[in-house]
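Read-outs: derived from the displayed coordinates by stated rules, not from any lab. For clarity, every value in this text was computed on a predicted model and none was experimentally measured. Backbone-built Cβ (ideal geometry, glycine too); neighbour counts: all protein chains shown.
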């Protein structure tokens, strides 16, 4: 065989192999619709043409290299795998690896083998395939484009890089990133079956599809869909003076996570007493045990059937969080809430619970004029409105702190933030802050401490 024939046949076989690899995906076939994966496939397709179109090859190669650099390929490919919504990810999430059918396991292992080979493709290897194929029809010395492709230093532009653990204060964010990085490391380095088993464990622990992208969500009433959001990093240790309230809510939440009967909860109290913060802190406390948070507005209550259909078959536990819940007397949305709490024709699933906060004990505004209204059964109407709060199994009251309790909150927050101010001076400044700003509350104490932290950092920077 002539030397030229060897050079022509070997690269062609290699490009064919990679093109067929992507075509061979079964369970993860939807990945081929992704823009970056499709771009890579287009490179192989252009190289497989009998009559090579140099401009087309050149353009497609450039496009993929740019996308690969921008998206951090091949980590991007593994992110697509983690976020895939298919029969394997769903069944693995609900049943676990050991309970899957052998046929499904075999297909998953097959696809992971393909993805591992695609992910292992190096920039220089792809560049060489392109250059060798171009060289079959165009000598680099006589073609400027082919000559440019012959410079390997130009195209070693992406490399396998594990994601960094998020370094913010959010325990939930760090937990999710650490878990994702762990399974991606296994996918990169372990044998096919071990990698498939680890991937199934990820789906079971974190969730499949949309659920794998976050731990906190918000319902988009217009799109009628859940949207991942960055969770508030607040921790329960930062909420001072809530020992009784925390004890009640944590106990109920533990029952819920364990699969025992648990109650919907109404957290009632004056503004700034830490009601919402405590609910948000639950995510960081129990995210590693499968707890997730979904924020709703009262207008979203009409979408409750849609919401529970999104959540009912997920293995995780979901708290539907309605903040600052209250109704005007003319609003009828409270009837939808009553149906949600008591159960309509469509039952609330066992993995969904409702936690709501409110500044009103009875949730619905009531006027004295209603008691002398012209309705025949006035008492029935009043009872209907006043009984809405009773449909929450547990009501937790959050009182405003007195002066001594407020100063204790300030003292402990100052210690947490490392503020070095003499205690009496700290308390004097805190009381002045209250007089000039808001009433005594945990929120006011936090605002005062945040001011001192900023002031301390400014002084340190200027000195």
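Along Cα→Cβ, 7 Å out, is where each label goes; now give me the distance between the ones at residue 69 and residue 34 in nm to one decimal.
2.0
If I model a spin label at residue 447 and residue 50 as a point 7 Å from the Cα along the Cα→Cβ vector, what separation in nanometres do I get?
Spacing of the two 7 Å Cα→Cβ label points: 7.7 nm.
Contour minus end-to-end for residue 235 and residue 194, with contour as 0.36 nm per residue of separation and end-to-end as the Cα-Cα distance?
Here the segment from residue 235 to residue 194 would lengthen by 11.2 nm.
Which value, to two decimals, describes the C-alpha radius of gyration of the range 403-462 once divided by 2.2 N^0.38 Å?
The range 403-462 yields a ratio of 1.05.
Just subtract the alpha-carbon distance of residue 136 and residue 347 from 0.36 nm times their residue separation and send over the number in nm, one decimal.
69.3 nm
Where does each of 113, 436 land when they are ranked from fewest to most other beta-carbon atoms within 10 angstrom?
Ascending Cβ contact count within 10 Å gives the list 436, 113.
Tell me, what is the FRET efficiency for residue 250 and residue 85 to the nearest 0.05, using R0 = 56 angstrom and their Cβ-Cβ distance as r?
In this case the efficiency is close to 0.95.
Along Cα→Cβ, 7 Å out, is where each label goes; now give me the distance between the ones at residue 455 and residue 306 in nm to one decimal.
4.9
What full-extension length gain, to one decimal in nm, is calculated for residue 222 and residue 415 as 0.36 nm per residue of separation minus the Cα-Cα distance?
65.1 nm
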